[in-house]
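To start, the structure itself, in C-alpha cells.
Every read-out reported here was derived from the displayed coordinates using simple, explicitly stated rules and does not represent laboratory data. Only a predicted model underlies this, so the values are computations on that prediction, with no experimental measurement involved. Neighbour counts run over all protein chains shown; Cβ positions are idealised from the backbone, glycine included.
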Amino acid sequence: MNVAGIDTTKPRTQPYVQAIVSGCPGAKKIYDFKKMDEKNLPEEVLIMYGILAGGGNVFKWCQEQKHDFIYMDHSYYANCHKPPHWFRLVWNAHTHNYIGHDTSPDRYNKYFYKELSPWKKDGDTILVLPPTNAIMDFFNAHDWLENTLKILKENTDRKIEVREKPYNPNIKKDEYGATIKVDKPTDHKGPVDWKNIFATVTYNSTTVIDSVRNGVPIFTDKIVNAGAPISEHDFTKIETPKYTEREPWLYSLANRSFHIQEMRNGTAWKNLYEQRTNIK
C-alpha cells in the first residue's frame, strides 16, 4: 500500500503533508491537484490537509470514486499550528464519528488529560456553534443555523447563544475550482462560561470536547462531528440530553491524534494501517 500527498500550496502547511508522507510507504510523491485528472486518480492512497486550496476537491473526488484517502487536520485536542503540532488522521472521512477499537487511556492521560466535571443538568443557556463559511460550503450546510434555531425555539424556552468560530474567513472559488480564503475576520468573545450552559448544539465543531469535559451534554450532526458517539442527534429533544459514559470516547480520539514527529518516524502510519485493518 503506497501513499502520496497533495500539495497544499502553502509554506505553512505543506511541511505537514511532507511529514506524514515521509513516514509512510511508497515513493514519497507529492501531487499538484491542479494537474490531476479527477476521473483518473493516482493509484496511491492520497493524503490531503484541510479542505482549502484543493484539498477538499481531492477529498470529494476520492469519495466519488471510492478511492482510499487519509484526511488530516487539527487534532481534536490541540491546534496543529502550535508545537508539537498535533493532527487527526482519518481514513476516508472528515472526522472519526465512532469509537475506535483502541480505548486505552494511556495516551489521553499522557498528553491531553483534564479532570472531567460531573454531567450538568442545569443552566439557562443553549450554546449554538454553527459551521464556518468553508464547512457550510463543503458540506452544503448553508441552512443549518436557520433550521437549527427554528427547532430549538420550538422545543425550549432557554436562552440561545450563537457563537461563530473565532476565525471564520469568507471564501471564494479560484480559477481551478478550489476554495480559498478572501479575508481574515476574527470574532473574539472570550472563553465560554460553561457554568451557565445547559447544552451545546453544533454541526461539526470540536468544541464538543471542551463541552463534554466541562460536563455539558452535546447535540451534533451524526456524520461530520467527532462527538457523534455520545451525542443526541435529534434536536427536538433539546430538553432531554444524553448523559453517557465519556471516557472511552475521549480515549479513542486521543489514540487517533498524532504529533508531527510521530508522522515523520512512521508511528502514525503504523497506527493508521492497524485502523484500516480493523475497519475492514
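Mean residue ellipticity at 222 nm from the helices of the chain, using -39,500 (n - 2.57) per DSSP H segment of n ≥ 4 over the full residue count, to the nearest 500 deg cm²/dmol?
Only helices count here, giving -7000 deg cm²/dmol.
At a Cα cut-off below 14 Å, give the aspartates and glutamates reachable from residue 189, other chains included and same-chain residues fewer than 8 away excluded.
Answer for residue 189, where 14 Å is the Cα cut-off: 161, 164, listed by chain and number.
Counting pairs of alpha carbon atoms under 8 Å apart in space and at least six apart in sequence, what relative contact order in percent does the chain give?
Relative contact order for the chain comes out at 23 percent.
For labels at residue 91 and residue 151 in the simple 7 Å Cα→Cβ model, what's the distance in nm?
3.0 nm
Quick one: which residues, 5+ away or cross-chain, put their amide H under 5 Å from the amide H of residue 31? H built at 1.01 Å from N.
Answer set, sorted by chain and number: 5, 6, 7.
Would you list, by chain and number, the lysines whose Cα falls below 17 Å from the Cα of residue 82, excluding same-chain residues fewer than 8 positions away?
10
Averaging sequence separations of C-alpha pairs under 8 Å and six or more residues apart, then dividing by the length of the range 135-280, give the relative contact order as a whole percent.
Computed over the range 135-280, the figure is 15 percent.
Principal axes first, then extents: for the Cα atoms of the range 125-251, list largest minus smallest coordinate on each axis, whole Å, largest first.
Its Cα atoms span 47, 34, 27 Å along the three principal axes.
State the antiparallel share, in %, of DSSP beta bridges confined to the range 125-251, rounding to the nearest 5.
25 percent
DSSP loop (so not H, G, I, E, B), at most 14 other Cβ within 10 Å: list which chymotrypsin sites (Phe, Trp or Tyr not before Pro) in the range 175-245 pass both filters.
Passing sites in the range 175-245 are 176, 243.
Once the Cβ-Cβ distance between residue 30 and residue 210 is put in as r, and R0 is 30 Å, what FRET efficiency do you end up with, to the nearest 0.05?
For R0 = 30 Å, the calculated efficiency reads 0.30.
Rounded to the nearest 5, what % of DSSP beta bridges with both residues in the range 45-163 are antiparallel?
So the antiparallel bridges amount to about 40 percent of the total.
Which shape class, rounded, prolate or oblate, goes with the range 57-166 when its Cα gyration tensor gives a ≥ b ≥ c as root eigenvalues, a/c under 1.5 marks rounded, and past that a/b bigger than b/c marks prolate?
Note, shape of the range 57-166 comes out oblate.
Once you keep just the Cα pairs under 8 angstrom separated by 6 or more residues, what percentage relative contact order results for the range 54-110?
Worked out over the range 54-110, it gives 25 percent.
Provide the per-residue ³J(HN,Hα) series for the range 94-103, in order, calculated from phi with Karplus coefficients 6.51, -1.76, 1.60 and θ = phi - 60°, each as a whole number of Hz, with x at glycine and proline positions.
Residue by residue, the range 94-103 yields 7, 7, 7, 9, 8, 8, x, 6, 9, 10 Hz.
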